[in-house]
Amino acid sequence: MASVARPQTQGVGTGQAVVSPARATKTAVLWSWLTTVDHKRIGLLYGVTAFIYLMVGGLEAMIMRAQLARPENALVGQEAYNQLFTMHGTTMIFLAIMPLSSAFFNYLIPLQIGARDVAFPRLNAFSFWTFAAGGLILNLSWLSGEAPNQGWYGYAPLTNALYSPNRNVDFWALGLQILGVASLAASFNFLVTILNMRAPGMTLFRMPIFCWGTLITSVLIVLAFPAITVALILLSMDRFAGTHFYIPSTLNAAGELVFTGGDPLLWQHLFWVFGHPEVYILILPAFAIVSEIIPVFARKPLFGYAVMAYAIAAIAFLGFGVWVHHMFTTGLGPTPNAVFSATTMLIAIPTGVKIFNWIGTMWGGQLRFTTPMLFAVGLVSQFTIGGISGVMHASPPVDTQHNDSYFVVAHFHYVLFGGSIFALLAGIYYWFPKFTGKMLDEGIGKIHFWVTFAAFNLTFFPMHFLGLEGMPRRYSSYGGGSGWGFWNVIVSSGGFLLGASFLIFMWNVAKSLQNGKPAGDDPWDGATLEWSISSPPPVYNFREIPIVNHRDQLWADKYGTGHGQSHADEETLDVKIAGQTIGTGEVPDEDPAEEARNRLAAGDQHDIHLPNPSIYPLIAASGLFFTAMGLIFSWPRVPVGTIELPFLTLGGVVVLLVGIYGWSLEPAS
Amino acid sequence: MATTAVQRVEHAGGTGHVAEHGHSEHPPTSTGIDHRKMLMWAFLSSDCVFFASLIATYVIYRSRAQEAGVGPYPSEVVDIPYTSISAAVLLFSSLTMVLALAAIQRDDVRGLRVWLAATSLLGMIFLGGQYFEFSEFYQVEGLSLQTNMFGASFFTLTGLHGTHVAIGVIWLVSLLVVSLRGGVSKKDSLNVEIVGLYWHFVDIVWIIIFTLVYLIPYEEGPEGVEAAPEAMLRLMNALPFS
């Protein structure tokens with residue numbers, strides 16, 4: 001256990017030097033960030049890194065839109081265009097939206113459940129550094145001019161060495177493999193943190209709904225990522241070891257065509273068994289953020305809290321049974337298509353429940369249209385448009401018509417930008433005061449929202465028309481006689497306006513960091529525990545671990561339990577510590593957890609112990625980086641037994657082992 | 001950084017107090033289950049999907065060598081009696097793993113060392129057996145990763161399982177070394193329990209792999225390429241080669 005009650009061992013590691021604020025040198029500051037295990041700092045690292053990648057991915061999109069602004073344009077060639085759309089998709093999914101969600105998980109989960117850190121602080125640092133390594137590998141590909149160029153879902157047999165002889169696919173396969181390690185490590189951590197580190201009295205159904213979103217997203221990652229791990233291992237075997245998992249025939253030494261029995265569809269199955277749950281990995285955190293924001297600005301508890309939690313779980317569960325809808329056009333036959341069409345349509349039910357519950361929360365509330373609320377309501381409206389075009393694609397004939405056209409591009413940008421990005425921006429506006437102690441400027445924020453909202457629709461709505469008119473995705477150019485010129489100009493100008501909207505946002509952040517209004521502890525009149533402590537929170541989060549006896553604990557503390565609707569289950573739930581009932585919550589106002597408080601006070605409450613900083617997570621992650629780079633460049637090769645291995649890879653494995661053993665043998669806290 | 005300084009001060013103030021509580025006291029968790037144990041269960045659930053994907057791949061490809069008419073075929077190379085012995089060795093190691101845990105839970109450090117050594121030795125025997133099996137297939141039977149789909153999927157599935165066993169052996173040996181240096185006592189029994197969870201899981205996966213790869217009979221290999229399914233042949237001809 002990291003955060004409580006272990007003696008501070010002297011002279012452990014080099015991060016132990018006592019640094020007083022006045023004497024802190026730049027090196028010491030840098031070192032403290034490299035070795036940090038504080039969930040709040042790791043959250044900020046995730047957030048800033050992911051935002052940079054969001055800008056990189058956006059820049060890639062704007063180059064593509066410049067290319068498509070007029071017919072038969074020659075701004076970038078076909079090869080560069082292939083690299084741009086592949087890296088745009090890969091970057092936005094794995095390097096922008098997922099880690100931005102992760103930034104919120106990191107910063108907020110311990111604060112919302114009343115804990116001092118996550119369950120495994122060093123594993124948390126390892127997740128971040130591994131993510132950084134994976135992102136670096138993917139983007140270093142630009143330097144050798146070999147950025148991935150096969151599309152973000154890397155269909156076989158195009159990825160085979162026969163068709164993609166350069167390193168493009170290697171950068172992609174190994175970069176994603178390492179990002180998978182980062183996501184899995186983070187998810188194990190949040191799973192354990194949420195289940196195990198809730199404050200006394202916080203039952204699962206008293207958790208803030210954001211914790212539910214994080215918990216279920218973590219489960220999705222834990223169960224979905226191994227499929228792509230295997231898919232990428234098999235792909236790497238095909239490319240590095242000459243197997244034929246994804247290619248049905250190959251040329252033998254004599255140059256004759258021979259049947260191997262490999263199957264390109266296996267890639268699609270493995271990829272989409274991961275890939276569809278991945279869609280929910282991208283959107284469930286967004287839903288969870290919005291579910292936190294809307295109640296606060298409607299001044300009403302979340303409508304149908306329990307149903308919302310069940311809906312998240314239902315979406316996740318059904319999400320594992322729909323992957324074939326990405327493969328309707330591969331000719332699997334009417335039976336699989338019908339079954340997967342039905343399961344896909346089913347998902348609309350829990351999703352619709354969530355949308356109606358948000359509306360139900362706002363219904364009759366005292367609405368305050370602050371910037372976070374505008375972005376949150378923006379999600380409800382824009383995601384619904386994307387959701388509806390999603391249900392259209394559940395029908396195989398419609399899907400066949402739309403497949404690989406701009407209609408699909410419009411659909412998933414409505415759910416990923418209109419959904420995920422809107423929610424993430426809402427989250428930044430909502431929690432920025434907690435992160436920094438300063439308010440973001442509301443005036444600029446509102447301008448930012450309306451520009452984003454207009455530009456977003458200008459960019460992506462006409463894509464529906466282009467798709468229906470038959471414009472295919474991923475083509476770097478189109479003919480002047482196609483009649484697509486008009487909408488493409490609109491789309492491209494919308495795209496540039498959307499890019500500009502982020503300049504407004506960055507201006508707001510820069511201005512507010514310098515001279516923003518002081519936020520105070522609780523600027524929005526929040527309902528959850530993070531608003532009960534100072535902004536930014538002290539390094540130990542809570543001086544005293546809070547006792548929870550209400551779902552909207554802070555509202556109950558501020559206004560009494562009569563606020564909003566009453567929850568029947570709250571009156572009978574037991575207050576438990578370590579699985580032992582130590583009291584019941586029959587009369588919440590009478591402090592049902594008196595005994596719990598006494599117990600904790602007798603224990604470690606008077607002293608706050610925090611995990612030691614550690615450099616080993618960074619060392620272990622850099623080991624993974626060198627291992628992968630060695631495989632990609634296959635140089636210099638040294639014979640090991642009967643095979644030759646790249647020296648850099650061997651070195652990377654050694655560094656990884658040094659990291660793991662150093663980590664295991666140093667005291668955790 | 002200011003925050004860093006605060007952290008140190010808190011630590012300095014707390015040192016004396018904690019000594020009263022000692023290391024062994026586990027802080028309470030909401031579920032009563034230790035963090036590390038729950039992490040291991042979460043990891044194993046993830047590893048289930050990992051092996052499920054690999055096993056599905058193997059099942060899809062288990063008769064493709066026969067269809068393609070490219071030997072050696074599985075029925076020619078698989079040696080059930082030989083692998084049964086190494087399977088028995090691996091399963092037996094689950095017993096010694098349990099005995100290691102039982103020993104440390106009684107605070108019997110010597111018993112722990114004996115049974116940890118026995119478990120890692122059995123694991124190494126299994127890996128040695130796999131090494132000889134692989135060499136036999138490769139050098140005598142001429143089966144490699146590139147030969148046919150059976151070779152590719154067989155070596156990948158059993159190789160990745162072997163990698164899991166190897167990681168388990170390294171873990172067990174590391175724990176043995178720590179215990180020889182006096183670092184494991186009754187209060188650390190969770191460390192043994194967790195490696196045990198991993199070890200039993202790897203054993204259970206082997207039962208499934210052993211059944212699918214070795215015990216369920218294969219079709220005999222055909223004489224020529226005619227057995228390739230027509231759809232595949234059509235696909236072949238449609239590809240833009242030569």
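Which of A:Ser476, B:Ser153 has the fewest other C-beta atoms within 10 Å, and how do the rest follow up to the most?
So the ranking, lowest neighbour count to highest, is A:Ser476, B:Ser153.
Report the gain in length on full extension from A:Tyr310 to A:Trp450: 0.36 nm times residue separation, minus Cα-Cα distance, nm rounded to one decimal.
Here the answer is 47.1 nm.
Among rounded, prolate and oblate, which fits the range A:36-190 when a ≥ b ≥ c are the square roots of the eigenvalues of its C-alpha gyration tensor, a/c under 1.5 means rounded, and a/b larger than b/c means prolate?
prolate
Would you grab the residues whose amide H sits under 5 Å from the one on A:Ser405? Only those 5+ places off in sequence or on another chain, please, with H modelled 1.01 Å from N.
The list, which skips near neighbours in sequence, is A:Arg473.
For the pairs A:Lys26/A:Lys446; A:Lys434/A:Lys558; A:Lys40/B:Lys187; A:Lys40/A:Lys517; A:Lys434/B:Lys37; A:Lys446/A:Lys558, note any where the Cα-Cα span goes beyond 27 Å. Could the numbers behind the result be given before it?
Numbers: A:Lys26/A:Lys446 37 Å; A:Lys434/A:Lys558 19 Å; A:Lys40/B:Lys187 32 Å; A:Lys40/A:Lys517 22 Å; A:Lys434/B:Lys37 33 Å; A:Lys446/A:Lys558 29 Å.
Among A:Lys26/A:Lys446; A:Lys434/A:Lys558; A:Lys40/B:Lys187; A:Lys40/A:Lys517; A:Lys434/B:Lys37; A:Lys446/A:Lys558, the Cα-Cα distance tops 27 Å for A:Lys26/A:Lys446; A:Lys40/B:Lys187; A:Lys434/B:Lys37; A:Lys446/A:Lys558.
Please order B:Ser45, B:Ser135 by the number of other Cβ within 10 Å, starting at the fewest.
Taking fewest neighbouring Cβ atoms as first place, the list is B:Ser135, B:Ser45.
Using r as the Cβ-Cβ distance of A:Tyr155 and A:Leu503, and R0 as 30 Å, what FRET efficiency do you calculate, to the nearest 0.05?
It comes out at approximately 0.25.
Quick one: net charge around A:Leu513, please, counting Lys, Arg +1 and Asp, Glu -1 for every other residue with C-beta under 15 Å from its C-beta.
Combined, the nearby Lys, Arg, Asp and Glu give +3.
Ignoring the sites themselves, what is the longest stretch of chain A with no GluC sites (Glu not before Pro) in a DSSP loop and at most 14 other beta-carbon atoms within 10 Å?
A:257-468
Modelling each spin label as a point 7 Å along the Cα-to-Cβ direction, I'd like the B:Lys37/B:Ile207 distance in nm, to one decimal.
Distance between the two pseudo-spin positions: 2.2 nm.
Let a ≥ b ≥ c be the square roots of the eigenvalues of the Cα gyration tensor of the range A:616-665; is it rounded (a/c under 1.5), or, if not, prolate (a/b larger than b/c) or oblate?
It is oblate, given that a/c is not under 1.5 and a/b is not larger than b/c.
Under a plain spin-label model, where a point goes 7 Å from the Cα along Cα-to-Cβ, how far apart in nm are A:Glu644 and A:Arg474?
In this crude label model, A:Glu644 to A:Arg474 measures out at 3.3 nm.
Assuming 0.36 nm per residue, please report the length gained on full extension of the stretch B:Lys187 to B:Leu121 beyond their Cα-Cα distance. Provide the component values of the computation, followed by the final result.
Values: separation 66, 0.36 × 66 = 23.76 nm, distance 2.52 nm.
Computed gain between B:Lys187 and B:Leu121 is 21.2 nm.
Under a cut-off of 25 Å between alpha-carbon atoms, report the lysines in cross-link reach of A:Lys354, not counting same-chain residues fewer than 8 places apart.
Those lysines meeting the cut-off are A:Lys300.
Rounded to the nearest 500, what is the 222 nm mean residue ellipticity of chain A from helices alone, with -39500 (n - 2.57) per DSSP H run of 4+ residues and division by all residues? Walk me through the numbers on the way to the answer.
Details: 20 runs with 390 residues, N = 669.
Computed ellipticity for chain A at 222 nm equals -20000 deg cm²/dmol.
Kindly identify the protein assembly as shown as rounded, prolate or oblate by the Cα gyration tensor criterion: order the square roots of the eigenvalues as a ≥ b ≥ c, call it rounded if a/c is under 1.5, otherwise compare a/b with b/c, prolate if a/b is larger, else oblate.
oblate
Starting from the Cα of A:Leu75, step 7 Å toward the Cβ, then list every residue of the range A:456-481 with an amide N under 20 Å from that point.
Once the point is set 7 Å along Cα→Cβ of A:Leu75, A:456-464, A:466-467, A:471-481 turn out to lie under 20 Å by backbone N, inside the range A:456-481.
Skipping prolines and chain starts, which residues have an amide H placed within reach, meaning under 5 Å, of the one on A:Tyr246, given they are 5 or more residues away or on another chain?
For A:Tyr246, the qualifying residues are A:Asp263.
What does the average come to when, for each residue of peptide A:530-543, you count the partner chain Cβ atoms lying within 10 Å of its Cβ? It would help to have the intermediate numbers written out before the result.
Details: counts 0, 0, 0, 0, 0, 0, 1, 1, 4, 8, 4, 0, 0, 0.
Going residue by residue through A:530-543 and averaging, the value is 1.
Among the helices of chain A (complete DSSP H runs), which have Cα atoms covering no less than 30 Å along the helix axis and a Kyte-Doolittle mean of at least -1.0?
Span-like helices in chain A: A:39-68, A:168-196, A:209-236, A:264-298, A:334-362, A:371-393, A:442-468, A:485-515.
Bear in mind these aren't lab numbers, they're just calculated from the coordinates by the rules spelled out. As the structure is a computational prediction, the values presented were derived from the model and not from experiment. With ideal geometry, Cβ positions are generated from the backbone for all residues, glycine too; neighbour counts draw on all protein chains shown.
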